[in-house]
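To start, the structure under review is shown below, and the notes come after it.
No lab work stands behind these numbers, since they all come straight from the coordinates. On a predicted model such as this, the values are computed, not experimentally measured, just so you know. Cβ coordinates were reconstructed from backbone atoms using ideal geometry, including for glycine residues, and neighbour counts include every protein chain displayed.
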Amino acid sequence: MTGDMKPWRATVLTLFPEMFPGPLGLSLAGKALASGLWELEARDIRDSAVDRHRSVDDTPAGGGPGMVLRADVLAAAIDAAGMEPDRPRLLMSPRGRPLTQARIRKLAAGPGALIVCGRFEGVDQRVIDARALEEVSVGDYVLSGGETAALAVIDACVRLLPGVMGKLVSGADESFSEGLLEYPQYTRPQAFEGRTIPEVLNSGDHARVAAWRRAEAEALTQARRPDLWAARPNQNRPKRTTDG
Ligand code: SAH
């Protein structure tokens, strides 16, 4: 972070602001939050309710089970949070575009994000359209609310911010860099229940270690994620092997 830059800032709109910072108040993200490397504001959607019962939801038009978050209440909550044109406005949604490390990298490189957490059956479509919310998903399964998804998104961004993890995130070796899953990791003890650490990792030969890791990463990706393997960058490059 350079002196004149504002810290990365997450604004979360939720019916459960007490869920934040939650796990993000601990460990490296928590230390970085305390030291001002990033900022978090959790705003209660209910504070923007317009009636005296402070209602935020109503029954779905057309019938059916559950409740839907009201467009007027949510729009008022978004407006009260302040619309900054260059800060992405995300809606956590199982219908959204699945998040990728590439999208996270872009988010982390920007000023931050405004994140809307749905609840119940979801939110009125008109507020999605009227406030140009970008629907993003954390995976093809359904959560009870957007809060745990928002925590995941913020966590993934914050760990990439300069100074948060120091040298730990080089970006070079991690899963999804170059479209590959990460190679297997080992640490002491040398023998665990009769299983030993692969000999090459004890060799001290950095080139051999790098080649082994690369081959393991490629084999794992091919076996577990043929979709990533097919979509990886530079896929015309000949496949490297341990001895090649
Ligand atoms: N009826 C909706 C599911 C609502 S789940 C449907 O079938 O699509 C309630 C809220 O949880 C959603 O509004 C959303 O904010 C959040 N949520 C659930 N699953 C999610 C996922 N996979 N990714 C991101 N947010 C999710």
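Between Ala223 and Asp58, full extension at 0.36 nm per residue minus the direct alpha carbon distance yields a gain of 54.7 nm. Rounded to the nearest 5, the antiparallel percentage of DSSP beta bridges internal to the chain is 20%.
Size descriptors for the chain (Cα atoms only): Rg and Dmax, in that order, 22.0, 73 Å. Against the main long axis of the alpha-carbon atoms of the chain, helix 71-81 sits at an angle near 70°. Only Cα pairs under 8 Å and 6+ residues apart enter the sum, and on that basis the relative contact order of the range 8-158 stands at 29 percent.
Using R0 = 22 Å, the C-beta based FRET efficiency linking Ala109 and Glu41 works out to 0.65. Placing +1 on each Lys and Arg Cβ and -1 on each Asp and Glu Cβ, with no other charges, gives the chain a dipole about its Cα centre of roughly 640 debye. Using a ≥ b ≥ c from the Cα gyration tensor of the range 1-135 (square roots of the eigenvalues), is it rounded, prolate or oblate, where a/c under 1.5 gives rounded and otherwise the larger of a/b and b/c decides, a/b for prolate? Cα axes put the range 1-135 in the prolate bin. Taking Pro60, Pro189, Pro198 as the candidate residues, the one with maximal mean-square fluctuation in a Gaussian network model of the chain, Cα springs under 10 Å, is Pro189. By the equivalent-ellipsoid construction on the alpha carbon gyration tensor, the range 173-230 comes out with semi-axes of 24, 14, 9 Å, ordered largest to smallest. A straight Cα-to-Cα reach below 14 Å connects Lys31 with the aspartates and glutamates Glu39, Asp155, residues fewer than 8 places away in its own chain not being considered.
Summarising the amide proton neighbourhood of Arg9: residues at separation of 5 or more, or on other chains, whose placed amide H is nearer than 5 Å comprise Glu39, Gly112, Ala113.
Between the range 6-63 and the range 101-130, the C-alpha centres lie 12 angstrom from each other.
Other residues lying with their Cβ under 13 Å from the Cβ of Ala130 contribute a combined charge of 0, Lys and Arg counting +1, Asp and Glu -1. Compute the acute angle (0 to 90°) between the alpha-carbon long axis of helix 206-224 and the principal axis of greatest extent of the alpha-carbon atoms of the chain; round to the nearest 10°. Here the helix axis deviates by roughly 50 degrees. A DSSP coil position with no more than 16 other Cβ atoms inside 10 Å describes none of the trypsin sites (Lys or Arg not before Pro) in the range 61-111.
As a rough footprinting exposure proxy, the listed residues Phe192, Phe176 were ranked by other beta carbons within 10 Å of their own, and the order from fewest upward is Phe192, Phe176. Among Arg188, Arg213, Arg46, which one shows the highest mean-square fluctuation when the chain is modelled as a Gaussian network with alpha-carbon springs under 10 Å? Among Arg188, Arg213, Arg46, the largest mean-square fluctuation in the Gaussian network model of the chain belongs to Arg188.
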